[in-house]
Structures are given as structure tokens and as C-alpha cells.
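Note sheet for the following structure.
Rule-based calculations on the coordinates, nothing more; no lab input. Please read all numbers here as calculations on a predicted model, not as lab measurements. For neighbour counting, all protein chains shown are included, and Cβ atoms are generated from backbone atoms with ideal geometry for every residue, glycine included.
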Amino acid sequence: MSAGPGEPDIEVNTHLESEPKYAEQLGHISVAWANLEWQLYIIFEAMSGSPPAIARSIFYAIDSNRGRREMVAGIAGVLLDDNSDKSILDDILRRVGKTAGQRNKYVHDTWGVAQTVGHEVFQMRMNLGGPVGKMEEVTLPDMASNHAQIKKLTDELITFQHRVKSKIPALLEKYRKLPGLGLVYAPKGHPPGRKPKGFHGRP
């Protein structure tokens, strides 16, 4: 690998075979994230009111965690009538998004182990723009922290499920009784088909 100007080139291995503790921690992060995604799906299924097969096909048709969070937040914004419930879920989803950013780096960015005395472990950040990428050191404590945060958020999602579970059937029933999609005129503009005042007098 080419180093910066005036620095010697460094030989790098782009795998973690020589660093099993890092590989193990990466595995823990991946497993924990799968559990978090599953709990997010459970909330989506319950709040959507869809049969499990339908809810699953919708949720997993969206590849990104961001898209899935936005679906859950969108349903919650309409369904939940308790502002404290909305606030708690919004806060969890916001922190899930922040944690997802670091998790995505660990999972998707290329790893490197410098063939030096210290065997420094880093990842190559190639999406920063400019003529060169960036070598960013990765430490086991940082990875452990990300793992712990994912587990904490998963526990909070489970706690939230228990908080709203008994409320959801009645909330869904309220919307099932509506005759259809309600529409109202915007405060400005004109209803469809109605010409603005003075239209016929214009040349």
C-alpha cells in the first residue's frame, strides 16, 4: 500500500486471519445487529396491523435500515396517540440511526492489518471524497462499545414493544372503522376542477 509523500510503503493484509479477536468482535456486532433488525420488524408488524406474511414482505423489501426506520416512524406518527410513546420511539430510532453508521463502517469498509511490529489494525475509508482514502485505526474497545450499544438499543425496542402492545389493537380498530382516506382542502390554492377567481376574464 502506498503511503503519504515521504513515508515508506507499508505492506498490508486485507483480512483478519491474524487478528482473531477483531474477527470475533465483528461477528458479535453482526449477530447483535440482526437481533436489532428483528425487533424493529416485530414493532413494524404489530403497528402495521398486517398479517405476518404481508408485513414481512413489505419490511424486508426495503434494504436499508434507514428506510425501515422511516416506515416504523411513519406508522407510529399516525397510529400512536400518546405523545410520550411517540417521543420514546423517535429517540430510540434516532440512536439506532447513529449506531448504524458506525456498524456499517465495520461491516462494509475494507479491513487492513499493517505488517509492522505493532500489527496495527485499521479500515480504509474510501467514501470521503478527494484524491486519497483514509486509514482509520480500529480498536477492540471501540468495537465492543458499538456492540454494547446495539444490544442496549435492542433491549429498548423490546421494552417499547411491551409498553404499547396492549394499546395497539384498539388504535388499529379506530382506523379500520374509518370509511376511507380522509382529505381536506389546503389553506391556500384551489380545489381540483375549480377555476380561480377572474379566470374567465383573462385573455
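Efficiency by 1/(1 + (r/R0)^6): what FRET value for residue 31 and residue 54, r their Cβ-Cβ distance, R0 = 30 Å, to the nearest 0.05?
On the way: r = 27 Å, r/R0 = 0.91.
Taking R0 as 30 Å, the efficiency between residue 31 and residue 54 is 0.65.
With the biggest extent put first, the Cα atoms of segment 12-201 measure 82, 52, 30 Å across the principal axes.
In this simple spin-label approximation, residue 163 and residue 11 carry label points 7 Å from Cα along the Cα→Cβ vector, and these lie 5.5 nm apart.
Label zone of residue 62 (point 7 Å out along Cα→Cβ, amide N under 18 Å): in segment 159-174 this covers 161. Estimated from the Cβ-Cβ distance and a Förster radius of 22 angstrom, the FRET efficiency linking residue 42 and residue 78 is about 0.70.
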